[in-house]
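Written below as structure tokens is the structure these notes are about.
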Amino acid sequence: MWLLKEMENEIIRPDTISFNACISALQGSLRADLVFCILDEMARKRIQKDTVTFSAGIAAAGDWQTSLRFLKEMAQLRIRRDIITYNASISTCEKIGCWQLVLSLFEEIGDVNLERSRTTYNATISSCVKGENWALALEMLDQMTPASFEPDSIPYNASISACERASRWLCAIALLRDMDLNSIEKDSITYNASISTSQQAAKWPLAILLLGKMSQAKLRADTISYNA
């Protein structure tokens, strides 16, 4: 806001790009109040909002109510909602555990003919895990395969964690095999969740085998690994 006032003092009229930069600078601040302050200033000066304005606002505000409000306002103003806008909204809802809203936004992306990205799937799978919906997490992971990109370790780790919580050790092992088939590198999170799942199912030989594979992969076993 200070920069905007300085521009006015220098007789430089702030435009949409200037205001968008200010909102983008607030990303991750969780300051919805400042976002609304800037938007009010844009309205007062009759400066047009665009896709970047709202996408940046969603990322800066960090709350699901603001996300949904901005998506609705964009529709009313006929401002294009792109995949960045939706991903920002999904990530916001995922962080606070609103998995039903995440799934609704995930479906809406298809309804408006946008192509879902890796970020879309990763955040949606993570949301399913938080909602303890392991079956849906696996379904989402399966949808990534025919897409225009291959999944990385992030959705696999999240899905294995979901299997761990649901005590589905066979599913966890199947996911490990998928990672091998798709040449996806495993990390400590992958092994720790898999070892924990095996331990819960009283599959001690499997847990010991995975601990050995962890060592072979030159990954350092930590307290979580041994406690499992």
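Please list, by residue number, every one of the trypsin sites (Lys or Arg not before Pro) in region 51-110 that is coil in DSSP and has at most 16 other beta-carbon atoms within 10 Å. Here the sparse-neighbourhood loop sites are 78, 80.
Treating r as the C-beta distance of residue 51 and residue 216 and R0 as 30 Å, the FRET efficiency rounds to 0.05.
If you count Lys pairs in the chain whose Cα atoms are under 19 Å apart, skipping same-chain pairs closer than 8 places in sequence, the total is 7. Taking every alpha-carbon pair in region 49-107 and binning the separations at 10 Å intervals from zero gives 27, 59, 14 percent. Evaluate E = 1/(1 + (r/R0)^6) for residue 107 and residue 178, where r is the Cβ-Cβ distance and R0 equals 22 Å; express this FRET efficiency to the nearest 0.05. The computed FRET efficiency comes out at 0.30.
Applying D = kT/(6 pi eta Rh) to the chain, where Rh is the Kirkwood radius over alpha-carbon pairs, T corresponds to 4 °C and eta to 1.567 mPa s, the Stokes-Einstein value obtained is 66 µm²/s. In a DSSP loop and with at most 15 other Cβ atoms within 10 Å, the GluC sites (Glu not before Pro) in region 104-142 are 115, 132. The reciprocal of the average 1/r between distinct C-alpha atoms defines the Kirkwood hydrodynamic radius, which for region 67-137 equals 12.1 Å. Sorted on the mean count of surrounding Cβ atoms within 10 Å across their residues, most packed first, peptides 96-103, 209-216 read 96-103, 209-216.
Per residue, region 14-115 exposes 52 Å² of accessible surface when a 1.4 Å probe is rolled over the protein heavy atoms with every protein chain present.
Carbon and sulfur atoms: what percent of the 1.4 Å accessible area of the chain do they account for? Solvent-exposed carbon and sulfur of the chain make up 52 percent of the total.
The values are calculated or read from the model by the stated rules, or taken from the named source; none is laboratory data. Owing to the predicted nature of the structure, the values given are computational and were not obtained by experimental measurement. All Cβ positions, even for glycine, are placed from backbone atoms using ideal geometry, and neighbour counts span all protein chains on display. Areas reflect the complete protein model, heavy atoms only, side chains present, ligands, DNA and RNA absent. Shrake-Rupley method; radii C 1.70, N 1.55, O 1.52, S 1.80 Å.
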